[in-house]
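Remarks on the structure that follows.
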Amino acid sequence: MSLVLKFGGSSVADAACVRRVAEIVRNAGAQSPVVVLSAMGKTTDALFAAAQAAERGETEAALKALREIVAKHKKACSELWEGEPPVDLQQFIDALATQIDMLLRGVALLRELSARSRDAIVSFGELLSSQIVAAYLHAHGVPTAWLDVRRVMRTDGRFGGAEPQTGDIATLARTELLPLISGGRVVVTQGYIGSTKDGITTTLGRGGSDYSASLLGAAIGAAEVQIWTDVEGILTADPRMVPEATPILELSFREAAELAAFGAKVLHPATIQPAVDANIPVTVRHTMRPDGRFSTITALGGTGSPRPATAIASRSPIQVITIESTRMLAQSGFLGRIFEVFGRLGVSVDVVATAEVSVSLTVEAMAPIDAIKKELGAFAHVSVASDRALVALVGERLKHTPGLAARVFGALSSINVEMISMGSNEINLSLVVERKDEAAAVRLLHQALFAGTGESK
């Protein structure tokens, strides 16, 4: 069975990084790896900026940004080959640059940047990085095949956030991808991008390279999906808040999904679902420390850990909306009316807490608060608390740990907790605090629940 190895932008940021990636791939060569690559670090952002400059009619600024992107990649090639890179690689880079040049000029001429055009422009980064890595592996004796993932990653036409068509992807993987793997070659392809049935380029949304890797892994029945990044796995907390946070050696799919949803930065929230469906383990590894610790995500996760929680995640800023009405006391369907409003306005709700005459819920900071207040104000009193943070304890053992609440609130005795909610799956306990208290709350909880227990399992 093959492996899927996904490398993020920081893992292929320059020539030195590409060499490290090549070594990791070479060591996995006997397992017929499929290598899924992001664009070189910051390339996608630069392409977005170039597209926006073109939309404003700033043609020269857009083309200057493109030239800088091309120069960055050619510099990496020169360093990798310590001189002149292969002619066919140079021709590929120049051809792609010409295509994007034409697209940018067209956008600038029309002063219009459609979602379709934007997807075509930003796909440039993954196509470039994957060609460079494939050519470098081939030059160093690794049997390699480069695959344009758009031949396999079939999506709908929702540009900027396309929905993969998993049935089509499985069929196309059998005809386009599996023959390359069975031929004993390392397959190098792209994350993040796909195409419609008509061959129009789409993207899966920011962070979609992880999702691509998981989808491809499920399509080929991979033994494992490896996510290579710049941290040693999924940590017990954000190391920027808790420097002593440690890698979680094993966690469940459910825990990983909750952590991603509540602010963990390693995984795209949708990354793990295809792996869940196919029962494929996902590991998160450090490109700079390939032999170091890493996290393994499986259906069941770890067992026997002394810790009551697996990790702490947080997200900010958020807003808390409180809806109060005495009608709640004896009126069926009141909550239905509330959520119908949110559904109609396209607002996602994270956490809900109810009382006899009120309900509080959290939404993102960018939610259309004025529209929400107008709609809900027709039948209830609405108040909004802004600049709040959501702190979540996540773990399969939460519901089996007596006295957990006492430990949590004892640790947070100096912080005002405004809202508390236990997730319906009983593996997350969510707390709302003022944003200014977010880091302190995470640190205090980590000290109370994780200190002195050794490595997470």
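The values are calculated or read from the model by the stated rules, or taken from the named source; none is laboratory data. Quick caveat, the model's predicted, so the values are computed rather than measured. All Cβ positions, even for glycine, are placed from backbone atoms using ideal geometry, and neighbour counts span all protein chains on display.
Per-structure values
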read-out: Matching residues, region 213-246, being more than 30 Å from P179 (Cβ to Cβ) and in contact with a Leu (Cβ under 6 Å, 6 or more places away or on another chain); value: A245
read-out: Checklist (1) buried (at least 21 other Cβ atoms within 10 Å of the Cβ); (2) closer than 19 Å to L5 by Cα; (3) of a type in the set (D, E, K, R) applied to E255, failing item; value: (2)
read-out: Test result for R407, in contact with a strand residue (DSSP E or B) (Cβ under 6 Å, 6 or more places away or on another chain), more than 25 Å from F339 (Cα to Cα) and surrounded by fewer than 18 Cβ atoms within 10 Å (Cβ to Cβ); value: no
read-out: Test: residue in region 322-339 that is part of a helix (DSSP H, G or I) and polar (S, T, N, Q); value: yes
read-out: In region 1-56, the residues that are hydroxyl-bearing (S, T, Y) and within 16 Å of W146 (Cβ to Cβ); value: S32, S38
read-out: Count of region 1-22 residues which are of a type in the set (D, E) and either free of Cβ contacts under 8 Å to residues at least 12 places away in the same chain or crowded, with 17+ Cβ neighbours inside 10 Å (or both); value: 0
read-out: Counted residues, region 372-397 - those being touching a Gly at 6+ places or on another chain (Cβ under 7 Å) and more than 30 Å from T298 (Cβ to Cβ); value: 0
read-out: Residue ranges of strands (runs of 3 or more DSSP E) in region 185-268 with at least 1 members in the same structural domain as C17 (by TED's automatic domain parsing) and of a type in the set (D, E, K, R); value: 224-229
read-out: Test: residue in region 30-41 that is under 26 Å from the mean Cα position of the chain (by Cα), closer than 22 Å to D291 by Cβ, at pLDDT below 95 and not aliphatic (A, V, I, L, M); value: yes
read-out: Residue that is surrounded by the fewest Cβ atoms within 10 Å (Cβ to Cβ), among those in region 158-184 that are within 15 Å of S123 (Cα to Cα) and in contact with a Lys or Arg (Cβ under 8 Å, 6 or more places away or on another chain); value: G160
read-out: Any hit, region 196-206, residues being in contact with a Leu (Cβ under 6 Å, 6 or more places away or on another chain) and at pLDDT 95 or above; value: no
read-out: Given (1) surrounded by 15 or more Cβ atoms within 10 Å (Cβ to Cβ); (2) of a type in the set (S, T, Y); (3) within 29 Å of the chain's Cα centre (by Cα), index of the condition T59 fails; value: (3)
read-out: G343 vs. criteria out of contact with any Ser or Thr (no Cβ under 9 Å at 6 or more places or on another chain), more than 24 Å from P317 (Cα to Cα) and not in a strand (DSSP E or B); value: no
read-out: Region 30-43: number of residues that are surrounded by fewer than 22 Cβ atoms within 10 Å (Cβ to Cβ) and either in contact (Cβ under 8 Å) with a residue 40 or more places away in the chain or on the phi > 0 side of the Ramachandran plot (or both); value: 3
read-out: Subset tally (residues that are of a type in the set (A, V, I, L, M), modelled with pLDDT of 95 or more and under 24 Å from A30 (Cβ atoms)) for region 181-195; value: 3
read-out: In region 100-122, the residues that are of a type in the set (K, R) and over 13 Å from L66 (Cβ atoms); value: R111, R116, R118
read-out: Selected residue (criterion: surrounded by the most Cβ atoms within 10 Å (Cβ to Cβ)) from residues of region 312-324 that are of a type in the set (V, I, T) and either within 27 Å of E396 (Cα to Cα) or in contact with a Phe, Trp or Tyr (Cβ under 8 Å, 6 or more places away or on another chain) (or both); value: I312
read-out: Region 446-457, subset over 25 Å from the mean Cα position of the chain (by Cα) and crowded, with 19+ Cβ neighbours inside 10 Å, residue modelled with the lowest pLDDT; value: F450
read-out: Test: residue in region 380-395 that is closer than 30 Å to V242 by Cβ, in contact with an Asp or Glu (Cβ under 7 Å, 6 or more places away or on another chain), of a type in the set (D, E, K, R) and surrounded by 16 or more Cβ atoms within 10 Å (Cβ to Cβ); value: yes
read-out: Filter pass, A309 being under 29 Å from the mean Cα position of the chain (by Cα), part of a strand (DSSP E or B), surrounded by 14 or more Cβ atoms within 10 Å (Cβ to Cβ) and modelled with pLDDT under 95; value: no
read-out: Those residues of region 185-203 which are of a type in the set (G, A, S) and either buried (at least 16 other Cβ atoms within 10 Å of the Cβ) or touching a Lys or Arg at 6+ places or on another chain (Cβ under 6 Å) (or both), in sequence order; value: G191, G194, S195
